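Structure record follows, encoded as structure tokens.
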Amino acid sequence: MSLVSSTPMLQKARENGYAVVAFKVHGLELLQAVVEAAEETQAPLILQTTVGTVKHLGMHYIVAAAKTAAEQASVPIALHLDHCQDFALIVQCLRAGYTSVMIDASMHPFEENVRRTSQVVEVARALNVNVEAELGKVGGVEDDIVVDEADAMLADPLECEQFVARTGVPTLAPAIGTAHGMYKGEPNIDFDRIAAIARHVSVPLVLHGGSGIPDEQVARCISLGMAKMNVATELKNAFSTSIQQSLMNDPTELDPRKYMALAKEAVKQLAIKKIQLCGAEGKATL
Ligand code: 13P
């Protein structure tokens, strides 16, 4: 199979009450690990990269690796560009082969967010790929995007309805109290707000800040309409902690294939758990 748009994948998830997990990948081993997890659980998969990773690896390397994975896999795979504020880079990534992009204009006033999102929706529609946009402001740190707790802002359900109607955006990430990075305590999720947004908006909703949300709260978010969950920090931590541990256990073992194999396995096991938690296991053929 080639890389697919994530729109139908996510619509099916919302209709059927589960969420597709979008894993942030920073390199080949991380990518392979989550693909193996999706294969083993027969789950649809979204591979996600930040703008920082596009700069680090190069979009053509990322697309080539993702395409190879999709061709060899028996499950549908989409490739998503996360939190991009730069229209030119979005167009370049789409031309290179990304099948989903997030235009993050959440730091702008509502009208400007509508304008910037509509511009991307128009391009994406012509290419038959997915677009995600954010309303409100998700707090925390995501690459270069830092949103202070005091500046984080929850999405308004009526604005969500207007936003989707005016932009035609096929997936929406409303800020509902989660944050990027690990939580210091428990996240302060506004479940009533998710329910209200889901009543006003029928497109799939995206849960940002998936790392560290207690399992039962993830399940509740999904039951209320969240159809995609982003996981970055936990995956990165599992990978790096495993490498750290390997090198501490045996500082003389400097063959990357040895410690990378263990790190890959750690990521794969974590990814399997997240897929199962989101109810996406066995949904590849839906
Ligand atoms: P975490 O780093 O909290 O998993 O958040 C991921 C995310 O939402 C990326 O957009």
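If you go through segment 136-171 and pick out every residue that is touching a residue at least 24 places away in the same chain (Cβ under 8 Å), outside any loop (DSSP other than H, G, I, E, B), of a type in the set (A, V, I, L, M) and over 25 Å from LEU235 (Cβ atoms), you end up with 2. Filtering segment 221-254 down to residues that are surrounded by fewer than 16 Cβ atoms within 10 Å (Cβ to Cβ) and charged (D, E, K, R), which residue is modelled with the lowest pLDDT? Only one residue fits best here, namely GLU253.
Residue-level check: of (1) open to solvent by 10 Å² or more (accessible area, probe 1.4 Å); (2) within 16 Å of the ligand (Cβ to nearest atom); (3) over 25 Å from SER202 (Cβ atoms), GLN72 misses just (2). Which residues, taken from segment 20-72, are touching a residue at least 40 places away in the same chain (Cβ under 8 Å), part of a helix (DSSP H, G or I) and within 13 Å of ALA280 (Cα to Cα)? Residues satisfying the conditions are ALA37, ALA38, GLU40, THR41.
Residues of segment 205-264 that are away from the ligand (no atom under 11 Å from the Cβ) and in contact with a strand residue (DSSP E or B) (Cβ under 8 Å, 6 or more places away or on another chain): LEU205, VAL218, CYS221, ILE222, GLY225, MET226, ALA227.
Summed over segment 82-108, residues that are of a type in the set (Val, Ile, Thr), assigned to a loop (DSSP other than H, G, I, E, B) and surrounded by fewer than 23 Cβ atoms within 10 Å (Cβ to Cβ) total 0.
Scan segment 203-229 for residues that are farther than 17 Å from GLN276 by Cβ and touching a residue at least 60 places away in the same chain (Cβ under 8 Å) and the total you get is 7.
Yes or no, residue by residue, for (1) surrounded by fewer than 24 Cβ atoms within 10 Å (Cβ to Cβ); (2) not small (Gly, Ala, Ser):
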{"residue": "GLU29", "(1), (2)": "yes, yes"}
{"residue": "ALA38", "(1), (2)": "no, no"}
{"residue": "ILE46", "(1), (2)": "no, yes"}
{"residue": "THR50", "(1), (2)": "yes, yes"}
{"residue": "HIS80", "(1), (2)": "no, yes"}
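Within segment 205-234, the residues that satisfy the criterion of being more than 17 Å from the chain's Cα centre (by Cα) and either under 16 Å from THR50 (Cα atoms) or in a loop (DSSP other than H, G, I, E, B) (or both) are PRO214, LEU224. Scanning segment 117-148 for residues being closer than 22 Å to GLY52 by Cβ and at pLDDT below 95 gives a total of 12.
The listed residues are ALA38, ALA43, and the only one of them that is touching a Leu at 6+ places or on another chain (Cβ under 6 Å) and away from the ligand (no atom under 16 Å from the Cβ) turns out to be ALA38.
Every test in (1) closer than 25 Å to ASP192 by Cβ; (2) surrounded by 23 or more Cβ atoms within 10 Å (Cβ to Cβ) is passed by VAL147 save one, and that test is (2).
Taking segment 172-204 as the range and being within 16 Å of the ligand (Cβ to nearest atom) and either under 28 Å from GLU122 (Cα atoms) or in a helix (DSSP H, G or I) (or both) as the test, the residues that pass are LEU172, ALA173, PRO174, ALA175, ILE176, ILE194, PRO204.
The values are calculated or read from the model by the stated rules, or taken from the named source; none is laboratory data. Worth saying up front: this structure is predicted, and the values here are computed from it rather than measured. Positions of Cβ are generated from backbone atoms using ideal geometry, with glycine treated the same way; all protein chains shown enter the neighbour counts. For the accessible areas, the whole protein counts, side chains as well, though only heavy atoms, and no ligand, DNA or RNA atoms are used. Shrake-Rupley method; radii C 1.70, N 1.55, O 1.52, S 1.80 Å.
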